[in-house]
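The values are calculated or read from the model by the stated rules, or taken from the named source; none is laboratory data. Here the structure is a predicted model, which is why all the values come from computation and not from measurement. Ideal geometry is used to build each Cβ from the backbone, glycine not excepted, and the neighbour counts take in all protein chains shown. Remember, those area values only see protein heavy atoms, side chains included, never the ligands or the DNA or RNA. Shrake-Rupley method; radii C 1.70, N 1.55, O 1.52, S 1.80 Å.
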Amino acid sequence: MKKLILLLFLFLFSSINAQELNLYSLINKSYSINKGDYSTINNKKLTFIIPKNISFLKTNYIEEKYSFEIIPLKNEDDFKNFLKSQNDNTFLFDIIIDNIYENSLVVTLKIMSTNYKMYSEGSFPFYIFEDERRVLLKYNNKSKKWVFSKIIEVSDEPHI
């Protein structure tokens, strides 16, 4: 009986707290608002190293057709191997959670480029800044998804 109650609790808890953030939708909306910004991602393959502790980021499905592709990678070794296989610069997408509020998140989206030589030679990896922007996400309780709300800031220079 205790196992049944525990299983029921786990099922209800996971259903209630299920969250999801579709990165395709977030990137598309974040770069479609201002004219000219879409060229930053248009026809690009954006590599993304999936964070180990954040499970609500979704890269494995596409609801619509987009002119960019997200290539999810499990860890830095996978990223290095991917870089080795590429002839040109590779674009790396990163998302940083800045602030958490009730039913909203402020995140920073970064796009950088690098290649195997720049990344692996030297004492630390080298990236070229492409774009950085802070956006506000709102939580939709009905769909249990984080959705784009607005752009807070677009940076011309990288923040350290």
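The calculated FRET efficiency for the pair PHE126 and ILE100, based on their C-beta separation and a Förster distance of 22 Å, comes to about 0.10. For segment 49-132, the Cβ-based charge dipole about the Cα centre amounts to some 320 debye (Lys, Arg positive; Asp, Glu negative; other atoms uncharged).
Computed with every protein chain present, the accessible area of ILE49 is close to 50 Å² [probe 1.4 Å].
Applying the criteria of a DSSP loop state and at most 16 other Cβ atoms within 10 Å to the GluC sites (Glu not before Pro) of segment 67-141 yields GLU102, GLU121.
Amide H contacts of ILE71 (H built 1.01 Å from N, in plane; Pro and chain starts excluded): LEU46, THR47, PHE48 sit under 5 Å, all sequence-distant by 5 or more or on other chains.
Counting every alpha-carbon pair across segment 90-143, the share separated by more than 19 Å comes to 46%. Largest first and in whole Å, the equivalent-ellipsoid semi-axes of segment 58-160 read 28, 18, 12, each the square root of five times a Cα gyration tensor eigenvalue.
Taking each residue as 0.36 nm, the span from VAL154 to ASP78 lengthens on full extension beyond its C-alpha to C-alpha distance by 24.4 nm. Sparse packing (at most 11 other Cβ atoms within 10 Å of the Cβ) combined with a DSSP loop state is found for the following chymotrypsin sites (Phe, Trp or Tyr not before Pro) in segment 34-101: TYR61. With K and R counted +1 and D and E -1, the other residues having a Cβ less than 15 Å from that of ARG134 yield a net charge of -3.
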